[in-house]
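Heads up, the thing below is written out as structure tokens.
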Amino acid sequence: MKEKKGNNLETEIIHAGYHPDPVTHSVSPPIYQTSTFAFDSAEHGAALFAGKEKGFIYTRLGNPTIEALEEAVAALEKGYAALATSSGMAAISTVYMAFLEKDAHLIGTAALYGPSRTIIETEFTRYGVSSDFIDTSDLEEIKKRIKKNTKLLFIESPANPTMALTDIQACAEIAKEHGLILVVDNTFASPVLQNPLELGADVTIHSVTKFINGHSDVVGGIIISKSPELHQRLQKVLRMMGGTMDPHQAWLVLRGLRTLYLRVEKAQDNAQKLAQWLAAHPKVAWVNYPGLPSHPQYDLMKKQMKGPGSMISFGLKGGYEAGIKLINSVKLCTLAVSLGGIETLIQHPASMTHASVPKKEKEEAGITDDLIRLSVGCENVDDLIADLEQALEKC
Ligand SMILES: *Cc1c(COP(=O)(O)O)cnc(C)c1O
């Protein structure tokens, strides 16, 4: 069987990571639903454990189905290798565990995905880890916060739910100059729209729960490293901590991944039209979407992304009350957290995901009471507009 290769991302998304099975010629990769692998002999087992021979030992340490997904995403992110994890948070906690030692300091984006920040501020503090969560779109502010013990610069761009961007290339230069490891949570952009490793980052992570799987039916994560040294360090920690992905989960994610390009393109097209429509609507106060020239970082989006994606946040002139009315009135948009699936999801962070975040922290992260977040899906855009129109009439 021939290996299938092309020179373009659309082709690679469909074929990367799959090596045709020479025995059955199965077009879909097999699910190796096994916890353990038999050795031919004592010598064979010894050689595998010593790393002298390639092969599989035990699924927490490696499995061919999981490896197929890892190989595919590593190729799309232009990394050295990837490690699939049981959730996005397993990816993030593995990164923290691998690179933060006792009394280390971390600088992160203030609007980082909630638990990525909370775990540092409530759990890693027990090991003396300190942190500064700041507006990382302000490069001077990053430089000011660097200390002798700063180890990690952890950014999310676009950030949730404000759609604020951070200049990844500039952060990579700062990180290099000060010996920091730059980690980018690339969940919102997906590998189709942004490749942080190419912009100089050391490690990229994804919650594959979102765009990469894309069907709102799996929770998972992945870590992609630029170098063998970073990969080996992360692999060692992940194998011991045990946040490994399951083979069936990996197979589902790989199946979802194959349509990533089509989904991202369609959803982005819908989002661009919806953002323009919302911006012109009399009941809408403001729209945050990196694809609108009014977005303060429109030029940065063009520089570091291949497109603005399909996440929009907007505010209603009627504030908090109108926000509640809107999310209670939509019919086609689904009222749910999460994002990046084929269906359009709507949520109101002030009353939902960020309800327990202190007011000052919410303000610093740009999460106002009137903010509505839309994860635009792949439906017909006119149907989405009609749904939002009838709901806005009630606000
Ligand atoms: C959802 C999400 C995570 C966490 O991923 P899980 O798969 O839910 O553990 C991390 N970062 C971002 C940006 C996310 O949207």
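Only the coordinates and a few stated rules stand behind these numbers; no lab work does. Owing to the predicted nature of the structure, the values given are computational and were not obtained by experimental measurement. Heads up, the Cβs are rebuilt from the backbone with ideal geometry, glycines too, and the neighbour counts pull from every protein chain shown.
For the pair Ala285 and Ser26 in one chain, pulling the backbone fully straight at 0.36 nm per residue adds 87.9 nm over the alpha carbon distance.
Through the Karplus equation 6.51 cos²θ - 1.76 cosθ + 1.60, θ set to phi - 60°, convert the phi angles of region 369-379 into ³J(HN,Hα) values in whole Hz; use x for Gly and Pro. Along region 369-379, the couplings run 5, 8, 6, 10, 10, 10, 9, 6, x, 9, 5 Hz.
Net charge around Ala104, counting only other residues with Cβ within less than 12 Å of its Cβ (Lys, Arg = +1; Asp, Glu = -1)?
Details: positive: Lys102, Lys147, Lys148, Lys151; negative: Glu101, Asp103.
Value of the local net charge: +2.
Compute the length gained on full extension between Lys4 and Glu141: take 0.36 nm times their separation in residues and subtract their Cα-Cα distance, giving the result in nm to one decimal.
Numbers: separation 137, 0.36 × 137 = 49.32 nm, distance 4.65 nm.
Between Lys4 and Glu141, full extension yields 44.7 nm more.
Derived scalar couplings between HN and Hα for region 116-123 equal 5, 8, 4, 5, 5, 6, 10, 10 Hz in order, rounded to whole Hz, by the Karplus curve 6.51 cos²θ - 1.76 cosθ + 1.60 (θ = phi - 60°), x for Gly and Pro.
Its DSSP H runs of at least 4 residues, each contributing -39,500 (n - 2.57), put the calculated 222 nm mean residue ellipticity of the chain at -11500 deg cm²/dmol, to the nearest 500.
Treating the beta-carbon of each Lys and Arg as +1 and of each Asp and Glu as -1, no other charges, what is the dipole magnitude of region 80-157 about its Cα centre, to the nearest 20 debye?
Details: 9 positive and 10 negative charges, 57 e Å.
The calculated dipole for region 80-157 is roughly 280 debye.
Between helix 168-178 and the chain there is an angle of about 60 degrees, using the helix long axis and the longest principal axis of the Cα atoms. For the chain, the longest principal axis of the C-alpha atoms and the axis of helix 319-329 are separated by about 70°. Helix 381-393 and the longest principal axis of the C-alpha atoms of the chain enclose an angle of approximately 40°. Relative to the Cα centre, the charge distribution of region 200-297, modelled as +1 at Lys and Arg Cβ and -1 at Asp and Glu Cβ, gives a dipole magnitude of about 60 debye.
How high is the relative contact order of the chain? Use alpha-carbon pairs under 8 Å, at least six apart in sequence, and give a whole percent.
On the way: 792 pairs, mean separation 63.6, N = 395.
Computed value for the chain: 16 percent relative contact order.
Rounded to the nearest 20 debye, the dipole size of the chain about its Cα centre is 340 debye, using +1 on the Cβ of Lys and Arg and -1 on the Cβ of Asp and Glu.
For Lys317, the residues whose modelled amide H falls within less than 5 Å of its own, excluding neighbours fewer than 5 places apart on the same chain, are Val284, Ala285. Converting phi to 3J(HN,Hα) with the Karplus coefficients 6.51, -1.76 and 1.60 and the offset θ = phi - 60°, region 76-92 yields 5, 8, 6, x, 6, 6, 10, 10, 7, 10, 5, 7, x, 5, 5, 5, 5 Hz in sequence order, with x at every glycine or proline.
At 0.36 nm per residue, minus the direct Cα-Cα distance, what do Arg239 and Thr122 gain on full extension? Give it in nm, one decimal, please. Could the numbers behind the result be given before it?
Numbers: separation 117, 0.36 × 117 = 42.12 nm, distance 2.42 nm.
Answer, rounded to one decimal: 39.7 nm.
Summarising the strand pairing of the chain, around 55 percent of its internal DSSP beta bridges are antiparallel.
Paramagnetic label reach from Thr334 (point 7 Å along Cα→Cβ; backbone nitrogen cut-off under 20 Å): within region 210-225, residues 210-221.
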